[in-house]
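> One structure is given below, represented as structure tokens, and several questions about it will come after.
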Amino acid sequence: MGGLKIVHINTYNGNGGAGRACMRLSKALEAAGHQSKVLVLYQFGKAQQSQTFGTGLWAKFWAIFNILAERILTRLLTKANKTPFSFQFFGRTLNQHPLLQEADVIHLHWINHGFLTPKQVGKLNLLDKPIVWTFHDSNAFTGGCHVRYGCENFHRQCGNCPQLKFSDTKDWSYNTWSRKKKAYSKLNLHIVAPSRWMRQSVKESSLLGLRPISVIPNSIEPDLFKAYQKNEAKQLLKISKDKFVILSGFMPSKNDKHKGTPYLLQALFELSQRSEINPEEIEVVIFGNKNNKDLPQFPFKTTFLGTISKDEHLAKCYAAADVFVVPSLEDNLPNTVMEALSCATPVVAFETGGIPDMVKHLQNGYLAQYKSAVDLADGIEWVLLHENRTELQRQARKMIIENFNPDKIAQAHLKLYEQMLKEMPDNENSITVKV
């Protein structure tokens with residue numbers, strides 16, 4: 001097999017939004033005729049598309065130790081609000097790994113939970129290879145937080161962190177920021193932002209604001225997340241075809257307040273009180289809840305699907321819905337929005353993060369005023385009462401096919417790789433990339 005040799009580095013294989021995006025990109029690059037491998041710290045199941053540091057008990061022990069050590073440290077030093085945070089004191093050096101030694105391009109993704117410390121990231125520059133880093137959240141350019149909740153300390157040098165139990169100008173967030181600054185000064189890299197919002201965030205950061213950055217979105221498998229006939233999909237979920245189905249995910253969550261669960265509940269109660277609404281005609285479906293304990297009361301009949309492990313089943317859930325509601329308060333380019341649109345389901349969400357890159361207001365969905373549960377309810381009602389829902393569904397699918405298909409995203413990355421290879425100091429043996 002010819003073409004480029006690309007190695008992607010991510011903590012997990014296919015777990016979480018970053019893992020799924022990483023695996024999808026690798027698969028798309030392979031389909032374009034290149035050798036794309038994924039190196040992970042911890043591998044779930046018997047994966048064929050990714051490699052780790054061995055299958056023996058010792059290798060797994062060290063991976064699990066690093067992951068747990070990072071999580072325990074975070075719990076000890078951060079407040080009880082469970083904001084995603086990483087100190088990155090645990091990790092491993094990758095420079096001698098055969099995949100990196102043989103690669104033409106090194107592509108970083110999400111490297112927390114004990115995979116790479118800032119110092120180990122900086123050491124990758126010793127390999128003299130193009131380094132690309134896709135930012136799936138904000139951690140790379142902050143003093144530790146993955147979600148900023150409006151905090152602007154990353155504009156300077158962090159410190160006085162609102163997430164830490166013990167905070168001052170030289171706290172652990174400042175320490176982490178300083179270690180990153182030292183490591184990044186040695187690192188020649190090109191940043192990929194999946195959304196325009198992420199690009200702007202990076203440009204405002206003191207750590208990486210002057211580094212080269214490109215906006216290249218994540219992709220999706222449009223042949224997997226596809227449009228089904230709505231009534232047939234509802235029948236598969238044992239839902240009446242006459243019901244207006246409101247789908248939402250990741251519910252409930254005490255650990256990720258940026259997912260905005262309270263706003264979803266407020267919006268649904270607001271909707272149920274409106275004279276134009278018949279509660280008997282609406283059914284709410286929730287996926288992603290890990291257990292059924294302490295579930296909140298909903299104003300409509302509600303079905304909890306739990307965690308869905310198979311994408312084929314998830315696609316049918318999206319397709320059965322008449323609207324997918326995303327109450328996230330901060331999100332880069334959420335896979336769930338892309339998946340729902342690809343299944344021809346319009347999306348109602350707050351106008352935040354990278355969501356406006358996918359949802360076009362009053363075309364394939366509704367962008368509600370930030371943190372307004374009333375406007376979120378307005379969006380759901382707008383879809384419910386829309387005179388031509390079929391056109392909404394067509395526009396939803398069209399957005400994904402035209403802008404996020406795997407081949408288009410792969411070609412955008414290949415152009416970037418080729419540009420970086422040409423700019424290497426010794427490019428006499430550089431490979432011409434076929435795009």
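The values are calculated or read from the model by the stated rules, or taken from the named source; none is laboratory data. Keep in mind that this is a model prediction, so the values were computed, not measured. FYI the Cβ positions are ideal-geometry reconstructions off the backbone, even for glycines, and counts take in every protein chain you see. These accessible areas exclude ligands, DNA and RNA; they are computed on the full protein's heavy atoms, side chains included. Shrake-Rupley method; radii C 1.70, N 1.55, O 1.52, S 1.80 Å.
> In a Gaussian network model over the chain where Cα atoms closer than 10 Å are linked, find which of K37, K182, K316 has the largest mean-square fluctuation.
Most flexible of the set in this elastic network: K182.
> Would you kindly give the portion of the calculated P(r) for the stretch 159-312 that falls above 23 Å, as a percent of all Cα pairs?
Values: 7360 of 11781 pairs.
More than 23 Å apart: 62 percent of the Cα pairs in the stretch 159-312.
> Right, something else. Given the peptides 276-282, 156-162, arrange them by the average over their residues of other C-beta atoms within 10 Å, most packed first.
156-162, 276-282
> When the expected Rg is taken as 2.2 N^0.38 Å, what fraction or multiple of it is the alpha-carbon Rg of the stretch 123-225?
Rg over 2.2 N^0.38 Å, computed on Cα atoms: 1.18.
> Looking at the stretch 111-166 from every direction and averaging, what is the projected area of its Cα convex hull in nm²? It would help to have the intermediate numbers written out before the result.
Working: hull surface 20.0 nm².
Here the figure is 5.0 nm², rounded to one decimal.
> Can you give the helix-only mean residue ellipticity at 222 nm for the chain, where every DSSP H stretch with n ≥ 4 adds -39500 (n - 2.57) and the sum goes over all residues, rounded to the nearest 500 deg cm²/dmol?
Values: 13 runs with 151 residues, N = 435.
Calculated from helices alone, the mean residue ellipticity at 222 nm is -10500 deg cm²/dmol.
> Moving on to the next point. With springs only between Cα atoms under 10 Å apart, run a GNM on the chain and tell me which of K181, K310, K230 wobbles the most.
Ranking K181, K310, K230 by mean-square fluctuation puts K310 first.
> Tell me which lysines have Cα within less than 18 Å of K129's Cα, excluding those fewer than 8 residues away on the same chain?
K5, K37, K119, K186, K415, K422
> Given charges of +1 on the Cβ of Lys and Arg and -1 on the Cβ of Asp and Glu, with all other atoms neutral, how large is the dipole of the chain about its Cα centre, in debye to the nearest 20?
On the way: 53 positive and 40 negative charges, 289 e Å.
Here the size comes out at about 1380 debye.
> Here's a follow-up. How many angstrom lie between the C-alpha centres of the stretch 63-125 and the stretch 271-289?
42
> Take the Cα atoms of the chain, find their three principal axes, and give me the spread along each one in whole Å, biggest first.
67, 53, 43
> Taking only Cα atoms and a 10 Å spring cutoff, compute GNM fluctuations for the chain and point out the largest among K301, K226, K408.
Looking only at K301, K226, K408, the biggest GNM fluctuation is shown by K301.
> Let me ask something else. Roughly how many Å² is the accessible area per residue of the chain, as a whole number, for a 1.4 Å probe? Intermediate results must be reported in sequence, preceding the final value.
On the way: 19790 Å² over 435 residues.
On a per-residue basis, the chain sits at 46 Å².
> Can you pull a Stokes-Einstein diffusion coefficient for the stretch 1-126 at 37 °C (0.692 mPa s), Rh from Kirkwood over Cα pairs, as a whole number of µm²/s?
Numbers: Rh = 15.3 Å.
D = 215 µm²/s.
> Continuing with this model, one more query. Taking each pair of different alpha-carbon atoms in the stretch 277-367 once, compute 1/r for the pair, average those values, and report the inverse of that mean as the Kirkwood hydrodynamic radius in Å to one decimal. Please list the in-between numbers first.
Working: mean 1/r = 0.0707 Å⁻¹.
Hydrodynamic radius (Kirkwood, Cα only) of the stretch 277-367 equals 14.1 Å.
> Need one number: convex hull volume per residue for the stretch 314-435, Cα atoms only, in Å³.
Values: hull volume 14.2 nm³, N = 122.
So the per-residue hull volume is 117 Å³.
> Still on this structure: Pop out the carbon and sulfur fraction of the accessible area of the stretch 187-236 as a percent, whole number, probe 1.4 Å. Please list the in-between numbers first.
Details: 1030 of 2270 Å².
Carbon and sulfur: 45 percent of the exposed surface of the stretch 187-236.
> Given a 1.4 angstrom probe, I'd like the percentage of the accessible area of the stretch 320-405 that is carbon and sulfur, rounded to a whole number. Write down the numbers at each step before the final one.
Details: 1240 of 2740 Å².
With neighbouring chains kept in place, the figure for the stretch 320-405 is 45 percent.
> Would you be so kind as to identify all helices of the chain, as entire DSSP H runs, whose Cα atoms reach 27 Å or more along the helix's own axis and whose mean Kyte-Doolittle hydropathy is at least -1.0?
Details: long enough: 57-77 (30 Å, 1.00).
Those that pass (Cα extent of 27 Å or more, hydropathy at least -1.0) are 57-77.
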